[in-house]
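I have placed the structure first, in the form of structure tokens, so that the comments after it can refer back to it.
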Amino acid sequence: MRISLVALHAYPSPQAVPLANACLAAALGADEALAAVRVSLADFHAGDDPAACAATILDGEPQLVGFSVYLWNTPLTVAIARELRAARPGLMIFAGGPEPTATPERLLRAAPFDFLIVGEGEIPFVEAVGRIVRGGSPDGLDGVATMHGDTVSVGRQRPVRLLDTFPSPVLAGLLDDRASRGMLWELSRGCDFACAYCADVRAGAVRTHSLERLQEELDRFVRLGVPQLFVLDSTFNRDRQRAQAILKMIRATAPHIHCHFEVRSEFIDAAQAKLFAAIGCSLQIGLQSADPQVLARVGRHLDPADFRRRIGLLNREGVIFGFDLIYGLPGDTLTGFMASIDFALELMPNGLDIFPLAVLPGTPLAERADDLRIDRDREPPYLVRATPSFPPNDMARAARLAEACDILYSRGRAVAWFPAVARGAGLRPAQLLARFADWLEGTCGAVREEELADAEIWRMQRAFLATLFTGRRKRLLKPALDFVDYHYHYAEALLAVPPGLPTDREIARSDLLKRPLRLAPSARLARFSYELFDILEAGESDLAEFAAAFTPSGSRAVIYPRAGEVFTESLDEVYFRLLERLDGATPAGKLARGLGLDDGTAREFLEFALAEGIAVMG
């Protein structure tokens, strides 16, 4: 028997890894009685043509096709299933995942699935395949939902109690071909919390993989050259002792792999913050709202003072972190949501992700939604349209604030300068975002954030600030633009790949004046209104204080990566212009003489530029 397990990802990304399907394949491969069964993994993306997807699946001539179904891919899954049924009426089709688990009856009525797997899939999948191979049906199995006529039957879920019972798809090599961009890493399953809006409430108590297995997987990630890991734990730091053990494991084995964790603030302590700082990582923290009463309505707790203190530990250690906020929560208002934005951004997260509330089937909130008079979509993605305290116009305004935050702050890497700009403009953070949202709508109209290049966002930031600092505040525009420009170029250099550096001997043996050189693609040239080192030393300076203390005398710099760090070199005008003119075609000495530089001075500077990776040989 040939089985095709299909993953429909939201979009191509390092996180588009079919881990769930790989877990099923690994579990099946461990059953000796099913050794003759062959499993293939197929990947598609939202927006793909359903007929083309179906044709690709059928090219493998499978007898059984399964889909991992989430709220974002339900429509495409249903469309592909219908194409498969029309092309191959006898093909057996099934689905599993959060959406079938939450709404099995709706999905069985919407699409031609022969059965669904509800809950965790390994046990029911292996048992269902065993029955099918023997000529039977998965009807009546625990963890399986079927429909006959108008009757839907759903077996009880079969969670995996001991996660190491089934083999690791990572160690089985099932995901090796996906490793070059990133990997999902499952350390545990389940959640100890009961947030009313969250689908993890169905996941049951936390169960963990052994540290021995995790060490083996981490070793394999290193051998495969995985650049980043997305840890799937709902709350990585819930068990402080285990979290510290894993962080020490990463520090010892793979400090070069960037890890993404979801954590809760109340479990962050000084020791944990230091361990996060000792590895390459970023944390995502679910704030959701800064109003304790709003959070209490959805089963969450917040002590604002404690939250500030624990986030302060991360800031002191230089840990990268971001927050999540949700608008449209029961009892929240647009004014309260803007206060949550102020609270969040004053703590200087590296990013702030803002989402509308979704009332997911099977959650406690879904059971109370009608009583709470929540107006929402009844089909995926189940978004809230309005609540008694958050009318439609306010929801639309919050959506614009979310877009503005994503472009101006998160994508715009504004953490280092945003507080100073807001203070200089006399605005609260949410007010600044509201001004940007209005400017964006009036100047750019409808924009698609995902289609904006980083350089476009930078230009938008500069254009917006020019409208913000006018009249008596105009004197603050130059320092504001200098701060924005420096941090933009710094971030671009940080993300760039530096060139391979020539040896001292190679440089010495080359007649650099006769050779064409060019500026390294990773190096950034920038002009500033103020002296560069005044900008660097100012840090989080108040714009008004900075403008009063310094004169805009102008400066130039090259900002570039080398040996894992970013360097900033202040340049005299003549050297700046020489770097600007390097074109990879004209001998560097000719360009230098045209600027009035003598050969000895030019050669010395060019040797420095090559040795630092600022310039490369053309």
List, in order, the whole-Hz ³J(HN,Hα) value for each residue of the range 26-34 obtained from phi through the Karplus relation with A = 6.51, B = -1.76, C = 1.60 and θ = phi - 60°; use x for Gly and Pro. 5, 4, 5, x, 7, 8, 4, 5, 10
Cβ-based net charge around Ala128, under 15 Å, with every Lys or Arg adding one and every Asp or Glu removing one: -3
Gap in Å between the Cα centre of the range 359-400 and the Cα centre of the range 162-211? 29
How much length would be gained if the chain were fully extended between Lys474 and Ala548, taking 0.36 nm per residue of separation minus their Cα-Cα distance, in nm to one decimal? 25.4 nm
Take Ser137, Ser529 and order them by how many other Cβ atoms sit within 10 Å, fewest up front. Ser137, Ser529
The set of residues whose placed amide H lies less than 5 Å from the amide H of Ala615, leaving out same-chain residues fewer than 5 positions away, is Ala520, Leu610
Shape call for the range 179-384 from the C-alpha gyration tensor, a ≥ b ≥ c root eigenvalues: rounded (a/c under 1.5), prolate (a/b greater than b/c) or oblate? prolate
When the Debye formula is applied to the Cα atoms of the range 2-154, each taken as the same point scatterer, what base-10 log of I(q)/I(0) results at q = 0.18 Å⁻¹? -1.08
Using label points projected 7 Å from each Cα along Cα→Cβ, tell me how many nm separate Ala52 and Glu506, to one decimal. 4.2
By the mean-Cβ-within-10 Å protection proxy, highest first, 172-184, 41-53 rank as 172-184, 41-53
Sorting Leu517, Leu71, Leu383, Leu408 on the 10 Å Cβ count, fewest up front, what's the list? Leu383, Leu71, Leu408, Leu517
Quick query: amide H of Val39 versus all other amide H atoms, modeled in the peptide plane; which residues come in under 5 Å with a sequence gap of 5 or more or a different chain? Ile3
For the range 71-203, the convex hull over Cα atoms projects on average to an area in nm² of 10.3
To check you understand DSSP bridge types, tell me what percent of the beta bridges within the chain (both residues inside) are antiparallel, rounded to 5. 40
Mind listing the Cα extents of the range 497-617 along all three principal axes, in Å, largest one first? 51, 34, 20
From the phi angles alone, apply the Karplus equation (6.51, -1.76, 1.60; θ = phi - 60°) to the range 107-115 and give each ³J(HN,Hα) in whole Hz, x where the residue is Gly or Pro. 6, 5, 7, 8, 9, x, 8, 6, 7
Taking the radius of gyration and the Kirkwood hydrodynamic radius from Cα positions alone, what is the Rg/Rh ratio for the range 121-176, to two decimal places? 1.08
Once phi is turned into ³J(HN,Hα) by the Karplus curve 6.51 cos²θ - 1.76 cosθ + 1.60 with θ = phi - 60°, what whole-Hz value does each residue of the range 587-600 show in order, with x for glycine and proline? x, 4, x, 5, 5, 5, 5, x, 9, x, 8, 6, 4, x
In whole percent, what relative contact order does the range 11-85 give with Cα contacts below 8 Å and a gap of six or more residues? 34
Would you work out which of Phe307, Ala54, Thr467 lies farthest towards the positive end of the dipole of the chain? Charges go on Cβ: Lys and Arg +1, Asp and Glu -1. Thr467
At 222 nm, what value in deg cm²/dmol follows for the chain if DSSP H runs of at least 4 each add -39500 (n - 2.57) and the sum is divided by all its residues, to the nearest 500? -12000 deg cm²/dmol
Largest first and to the nearest Å, give the Cα extent of the range 274-406 along each principal axis. 47, 29, 27
Which of the following values of Kirkwood radius over Cα pairs in Å was calculated from the structure shown: (1) 35.7; (2) 27.6; (3) 32.5? (2)
Rounded, prolate or oblate: which fits the range 18-99, taking a ≥ b ≥ c as square roots of the Cα gyration tensor eigenvalues, rounded meaning a/c under 1.5, else prolate when a/b beats b/c? oblate
Taking only C-alpha pairs under 8 Å that are 6+ residues apart, what is the relative contact order of the range 2-154 in percent? 21
Do you know the relative contact order of the chain, to the nearest whole percent, from alpha carbon pairs under 8 angstrom that are 6+ apart? 8
Extend 7 Å from the Cα of Asp176 along its Cα-to-C-beta direction; within the range 225-260, residues with backbone N under 15 Å of that point are 225-226
Distance between the range 316-349 and the range 100-124 - C-alpha centres, whole angstrom: 36
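Name the shape class, rounded, prolate or oblate, that the alpha-carbon gyration tensor gives for the range 291-356, where a ≥ b ≥ c are the square roots of its eigenvalues, rounded holds for a/c under 1.5, and otherwise prolate holds if a/b is larger than b/c and oblate otherwise.
Note, shape of the range 291-356 comes out prolate.
A short reminder: the numbers here are calculations on the coordinates, not readings from a lab. As the structure is a prediction and not an experimental result, all values here were calculated from the model. Reconstructed Cβ throughout: ideal geometry from the backbone, glycine too, with neighbour counts over all protein chains shown.
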